[in-house]
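Please treat every number below as a calculation from the coordinates, not as lab data. Quick caveat, the model's predicted, so the values are computed rather than measured. Here the Cβ positions follow ideal geometry from the backbone for every residue, glycine too, while neighbour counts run over all protein chains shown.
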Amino acid sequence: MVARVLIILAVAAAAGAVAVFLTSQGGSHQLHCSTFHSSARANSSLADRRRSPGLPDGQVLVTGGWDVNHAVAAAELYDPGTRSWSATGSMATPRAFHTATLLPDGSVLVAGGDGPLASAELYDPSGRTWTATARMGTPRAYHTATLLPDGEVLVAGGMGAASTERYDPGSP
């Protein structure tokens, strides 16, 4: 059975909109939180477990997710101003339970995911393209990624990973 969204609550936030929603599947319910506007539906069948950073132009990049039995590589852009969705290039690797971090140059670092995965990709919003970037030293899912004041990203924890590492956008 495909998960169905039962309740959607949206709250405006500085970098975009935040949606909290409840899904139901097989009699169990889960509460999810994601940063996209809830008044429009995504073009794809992404059920949940997505990551959604706000971009400098006000759009929100929605990446990956879970489609019933597997992670997906889909990515879409949501424009809160027009409440519309548009397709953008798909990631090279299907991902769920990953992180998506907006970098100072406007690109987005997507790292890890269900597996867990060590791979990472960069999204370029101007060209709507994805490129592979340095792999993490430890495969991770359910981890955190925090942008630091110096522009690097601190990646911490995750499933089976009791460690931290830093991503330097200036290094290949």
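As a size descriptor, the averaged projected area of the C-alpha convex hull of the range 90-135 was calculated at 3.0 nm². Each peptide in 154-160, 75-81 receives the mean, over its residues, of other Cβ atoms within 10 Å, and ordering these scores from highest gives 75-81, 154-160.
Could the peptides 86-98, 137-149 be put in order, highest first, of the mean number of other beta-carbon atoms found within 10 Å of their residues? Intermediate results must be reported in sequence, preceding the final value.
Values: 86-98: 19.9, 137-149: 16.9.
With the highest mean Cβ count within 10 Å placed first, the list reads 86-98, 137-149.
Separation of the range 147-172 and the range 104-133, taken as the distance between their Cα centroids, equals 13 angstrom.
Once you have a ≥ b ≥ c as the square roots of the Cα gyration tensor eigenvalues for the range 43-167, tell me rounded if a/c is under 1.5, and otherwise prolate or oblate according to whether a/b is larger than b/c.
Values: a/c = 1.93, a/b = 1.25, b/c = 1.54.
Here the range 43-167 falls in the oblate category.
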